[in-house]
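Read through the structure below, which is laid out as structure tokens, and then see the notes.
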Amino acid sequence: MGTVQATDGSDDAHLAATALLGAYYRQDERERHLLSGDAKRAREAGAAALDEMARTYEVEFPWLDRSRARAAGEAFMHGLFVQDEIENWPVLRAVAGDDVLDTLVSDPGAYGPDLEDDGRWKWVEASLLRACREAGIDERYARRQTRFWQLHGQSDPEWERAALGAHELKLRALVENPSESAIERLGRRFVEGVRIHDESRLDEAVAVVTEYYDEIFTLRSGRR
């Protein structure tokens, strides 16, 4: 981890939280437009999602060259786009016209017999691996995060265990030698954030995610 200039952690936490939540909102918007057959608006939402996740990674990894941080965030969001296309493929196959199919970032010809065995998961993992290499995250994160998304998409309760395993690796890239208690505490907050997103509890999301980032930036500054 490089040297980070001292900043107002609360400001950074709010900036990271709003960028992250904005990225996920735009990702969901892209998904809705794909399913409704509106390719133009899906492309616009996708471009906004990529930009917001790039901004998130800029705040999370301020010691990185800006272009590398943004490339990492965009690669992460690209993986999410492919995940959405896998999970929604039965519907997309039925409703998508050529313009929507051309908007997809994955190859429809690579789909598998079911969600678990879809061949496009390797592209999700490849996108996450690019994010790891740009941001300096342990490359095992790519496989763990992919597995988390696979299980979560199937509502398999094991998704929480997988999410915690992936989260720990990214946390170690954000905070040097975090304590076991910090890993556990922030992991629980991460899982809570996923649940809030799942349940569209938008009124709670900004506060919860801001608190999550505030603790990360406080730990990183050595004030705790």
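The values are calculated or read from the model by the stated rules, or taken from the named source; none is laboratory data. Bear in mind the structure is a predicted one, so any value in this text is a computation, not a measurement. With ideal geometry, Cβ positions are generated from the backbone for all residues, glycine too; neighbour counts draw on all protein chains shown. Keep in mind that these areas ignore ligands, DNA and RNA; they rest on the heavy atoms of the full protein, side chains included. Shrake-Rupley method; radii C 1.70, N 1.55, O 1.52, S 1.80 Å.
Below is a table of values for the structure above.
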{"item": "Choice from HIS152, HIS167, HIS78 with maximal GNM fluctuation in the chain (Cα, 10 Å cutoff)", "result": "HIS152"}
{"item": "Selected from ALA17, ALA182, ALA163 as most flexible by GNM, with the chain as the system and alpha-carbon contacts under 10 Å", "result": "ALA182"}
{"item": "Top of ASP114, ASP12, ASP98 by mean-square fluctuation, Gaussian network on the chain, Cα under 10 Å", "result": "ASP98"}
{"item": "Under the Karplus curve 6.51 cos²θ - 1.76 cosθ + 1.60, θ = phi - 60°, whole-Hz ³J(HN,Hα) for the range 94-101, x wherever Gly or Pro sits", "result": "7, 10, 6, x, 4, 5, 6, 4"}
{"item": "Cβ-defined net charge surrounding ARG30, 12 Å radius [Lys, Arg +1; Asp, Glu -1]", "result": "-3"}
{"item": "222 nm mean residue ellipticity, helices alone, for the chain (DSSP H n ≥ 4; -39,500 (n - 2.57); rounded to 500)", "result": "-25500 deg cm²/dmol"}
{"item": "Karplus-derived HN-Hα couplings along the range 73-80 (A = 6.51, B = -1.76, C = 1.60, θ = phi - 60°), whole Hz, x at Gly and Pro", "result": "x, 5, 5, 4, 5, 4, x, 5"}
{"item": "Whole-number percent relative contact order across the chain, with pairs defined as alpha carbons under 8 Å at least 6 apart", "result": "22"}
{"item": "Helix 202-221 vs. the chain, principal-axis angle (Cα, 0 to 90°, nearest 10)", "result": "40"}
{"item": "Protein accessible area in the chain, 1.4 Å probe - carbon and sulfur %", "result": "47"}
{"item": "The chain, dipole about Cα centre (Lys/Arg Cβ +1, Asp/Glu Cβ -1), debye to the nearest 20", "result": "580"}
{"item": "Neighbourhood charge, 14 Å Cβ-Cβ cut-off, centred on ASP118 and excluding it, Lys, Arg +1 and Asp, Glu -1", "result": "-4"}
{"item": "Karplus (6.51, -1.76, 1.60) ³J(HN,Hα), θ = phi - 60°, over the range 56-72, in Hz, Gly and Pro reported as x", "result": "4, 5, 4, 6, 5, 10, x, 7, 7, 3, 4, 5, 6, 4, 5, 4, 5"}
{"item": "Approximate spin-label separation ASP28-SER67, in nm, with each point projected 7 Å along Cα-to-Cβ", "result": "3.5"}
{"item": "Sites GLU139 and ALA110 - FRET efficiency at Förster radius 22 Å, r taken between beta-carbons, to 0.05", "result": "0.45"}
{"item": "Contour minus Cα-Cα distance for GLN154 and THR218 (0.36 nm per residue)", "result": "19.5 nm"}
{"item": "Overall form of the chain per C-alpha gyration tensor (a/c, 1.5; a/b vs b/c)", "result": "prolate"}
{"item": "Pairwise FRET efficiency - LYS40 versus VAL95, Cβ, R0 = 25 Å, nearest 0.05", "result": "0.95"}
{"item": "Whole-angstrom gap from the range 67-81 to the range 11-58, using each part's C-alpha centre", "result": "12"}
{"item": "The chain, accessible area per residue, ligands and nucleic acids excluded (1.4 Å, Å²)", "result": "49"}
